[in-house]
Amino acid sequence: MKKVVDAMGDPCPIPVVKTKEAIKELNGAPGAVETLVDNEIAVQNLTKMANQKGYGVTSEKLGENRFRVVMAVNGGEAGADGPDETPCVPDARRGNMVVAVSSAAMGAGDDELGAALMKAFLYALAQQETLPAAVLFYNGGARLTCEGSASLEDLKALEAQGVEILTCGTCLNFYGLTERLRVGAVTNMYDIAERLTGAASVIRP
């Protein structure tokens, strides 16, 4: 069986996510998954994923900004990660991981790049097998849960899987965004402090 994935023009990490979905669609049967991408970084990411999973993998350049990555899947992939698996919902067994987002941009440097990285991070977070118990937004990060944010759909996807999306009310008020909150609930600094100090691990993108 062969699956073809068209990820041309898709930013990181979408090619990897699409390829994983195609592998699940094999339903545990052996087969090949061919992914088309338009940049070498995507080729590297897909190759790394294949190596981690133990799949055979080859890649080739088909033309200007056009690459093909082929994975040979041995079968037996359905298992716990099969298509009928119940979506992962965070609970006490996950160690109470919390993600704290204090800015609309990820990292220091160019703001446009930082905004793109944050969008990619939140998208990738929603695709993880192990989800956080909550994602906390404060200071500039409060903008990400409000009208006009490019990450609203990804945050709604996290919320649908049981992740609490919480935004600092003081921050919303300071930026004049109180009426523009579009996902999750409003929280306060006491709750934020309690969740951060009580978390087994805190991720700060």
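Any read-out appearing in this document is the output of simple, stated calculations on the displayed coordinates, not a laboratory observation. Source: prediction; values computed, not measured. We place every Cβ from the backbone using ideal geometry, glycine too, and count neighbours over all the protein chains shown.
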The chain: relative contact order in percent, alpha carbon pairs under 8 Å with at least 6 residues between = 18
Calculate the radius of gyration of the Cα atoms of the chain to one decimal place, then report Dmax, the largest Cα-Cα distance, as a whole number, both in Å.
-> 19.1, 56
Can you pull the three principal axis extents for the Cα set of the range 2-81, in Å, largest first?
-> 37, 21, 20
Neighbours of residue 152 by Cβ distance under 12 Å: Lys/Arg at +1, Asp/Glu at -1, summed charge +1
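Loop only per DSSP, at most 14 neighbouring Cβ atoms within 10 Å: give me the GluC sites (Glu not before Pro) in the range 126-171, ordered by residue number. Walk me through the numbers before you get to the answer.
Working: sites: 129, 147, 153, 159, 164; in loops: 129, 147.
In loop regions of the range 126-171 (DSSP not H, G, I, E or B), the sparsely surrounded GluC sites (Glu not before Pro) are 129, 147.
Just for the range 92-203, what percent of DSSP beta bridges are antiparallel, to the closest 5? Show your work: numbers first, answer last.
Values: 1 of 15 bridges.
About 5 percent, rounded to the nearest 5.
Please arrange 67, 174 by counting, for each residue, the other beta carbons lying within 10 Å of its beta carbon, fewest first. Write out the running numbers ahead of the final one.
Numbers: 67 20, 174 12.
Ranked by crowding around the Cβ, least crowded first: 174, 67.
How much length would be gained if the chain were fully extended between residue 197 and residue 68, taking 0.36 nm per residue of separation minus their Cα-Cα distance, in nm to one decimal?
Values: separation 129, 0.36 × 129 = 46.44 nm, distance 4.61 nm.
My answer for the length gained is 41.8 nm.
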Helix-only CD estimate at 222 nm, as mean residue ellipticity for the chain, using -39500 (n - 2.57) per DSSP H run (n ≥ 4) = -9500 deg cm²/dmol
Percent antiparallel among DSSP beta bridges confined to the chain, rounded to 5, stands at 45
In nm, spacing of pseudo-spin labels at residue 47 and residue 182 (7 Å Cα→C-beta vector) | 3.9
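Given R₀ = 30 Å, FRET efficiency for residue 110-residue 4 by Cβ-Cβ distance, to 0.05? Please list the in-between numbers first.
Working: r = 35 Å, r/R0 = 1.17.
Taking R0 as 30 Å, the efficiency between residue 110 and residue 4 is 0.30.
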Which FRET efficiency, nearest 0.05, do residue 27 and residue 60 yield, Cβ-Cβ r, R0 25 Å?
-> 0.35
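For the range 96-205, what class follows from the C-alpha gyration tensor (a ≥ b ≥ c being the square roots of its eigenvalues): rounded when a/c is under 1.5, otherwise prolate if a/b is larger than b/c, else oblate?
Working: a/c = 1.29, a/b = 1.05, b/c = 1.24.
Verdict is rounded for the range 96-205.
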